[in-house]
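Student: This is the structure, below, for whatever I ask next.
No value in this document is a laboratory result; all are computed from the given coordinates. Values in this document were obtained by computation on a predicted structure and should not be read as measured data. Ideal geometry is used to build each Cβ from the backbone, glycine not excepted, and the neighbour counts take in all protein chains shown.
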Ligand SMILES: Cc1cc2nc3c(=O)[nH]c(=O)nc-3n(C[C@H](O)[C@H](O)[C@H](O)COP(=O)(O)O)c2cc1C
């Protein structure tokens, strides 16, 4: 089992980084092979909407996504983290998500209409944090994550959403969040859906 952690925050060691570290430690201790991609470290341009991938399933742009596509493809579980930035994932990870349009195109090209009704490439989970506590805080992020996993041919496996954390160290005041991340990581290693938890 390969569990991929896609670190979406530009802030090193921040709230979502800490939660994902914990989740992946748990995945590793369950025997999974853990891989990590830090969106802040890679150079990924936005989708050009050129339609090239519609024909081939392959993106025409040759940047760091060339190495990222195979990792997305081989992972059987993906844990995406996304601090809320203006109600959306940060631009760095959104670029990777937008470029997964090529995965979506590949899925359309390789599956029949009936096969498209099922997800056969694993399971994806979301960890998101935000500073405020509004009812709609995670609405957009959750949809983005769900359809990212859809493009990857993955089921949506659940989400850990933590409100009221702003400073890098704020998450350390919420031990339940770490316990939840640990459990999510264990479930990911077992390929099992987790749950939706809002803290
Ligand atoms: C550019 C920017 C935009 C943000 N927008 C929001 C927002 O719309 N709503 C909110 O509650 N928090 C917002 N935040 C706060 C972050 O979501 C919050 O601090 C989060 O816990 C950071 O996670 P990290 O430490 O993993 O980066 C924003 C922060 C930044 C830097």
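Student: Confirm whether residue 177 is over 15 Å from residue 5 (Cα atoms), within 16 Å of the ligand (Cβ to nearest atom) and touching a helix residue (DSSP H, G or I) at 6+ places or on another chain (Cβ under 8 Å).
Tutor: On the way: over 15 Å from residue 5 (Cα atoms): yes; within 16 Å of the ligand (Cβ to nearest atom): yes; touching a helix residue (DSSP H, G or I) at 6+ places or on another chain (Cβ under 8 Å): yes.
Criteria met by residue 177.
Student: Any residue in segment 74-93 that is on the phi > 0 side of the Ramachandran plot sitting within a Cβ distance under 7 Å of a residue that is part of a helix (DSSP H, G or I) and more than 7 Å from the ligand (Cβ to nearest atom)? List the pairs, counting only those 6 or more apart or interchain.
Tutor: Hits for this filter: 87/140.
Student: Okay, next question. On the basis of being within 18 Å of residue 15 (Cβ to Cβ) and assigned to a loop (DSSP other than H, G, I, E, B), does residue 164 make the cut?
Tutor: Working: within 18 Å of residue 15 (Cβ to Cβ): yes; assigned to a loop (DSSP other than H, G, I, E, B): yes.
Yes, satisfied.
Student: Additional query: Only one of 118, 141, 129 is surrounded by 23 or more Cβ atoms within 10 Å (Cβ to Cβ) and either more than 12 Å from the ligand (Cβ to nearest atom) or touching a residue at least 60 places away in the same chain (Cβ under 8 Å) (or both). Can you tell me which?
Tutor: 129
Student: Say whether the condition of being in a loop (DSSP other than H, G, I, E, B), out of contact with any strand residue (DSSP E or B) (no Cβ under 9 Å at 6 or more places or on another chain) and more than 30 Å from residue 197 (Cβ to Cβ) is met by at least one residue in segment 72-89.
Tutor: no
Student: Please work out which one of (1) closer than 17 Å to residue 3 by Cα; (2) more than 12 Å from the chain's Cα centre (by Cα); (3) in contact (Cβ under 8 Å) with a residue 40 or more places away in the chain is the condition residue 170 fails and give its number.
Tutor: Of the numbered conditions (1) closer than 17 Å to residue 3 by Cα; (2) more than 12 Å from the chain's Cα centre (by Cα); (3) in contact (Cβ under 8 Å) with a residue 40 or more places away in the chain, the odd one out for residue 170 is (1).
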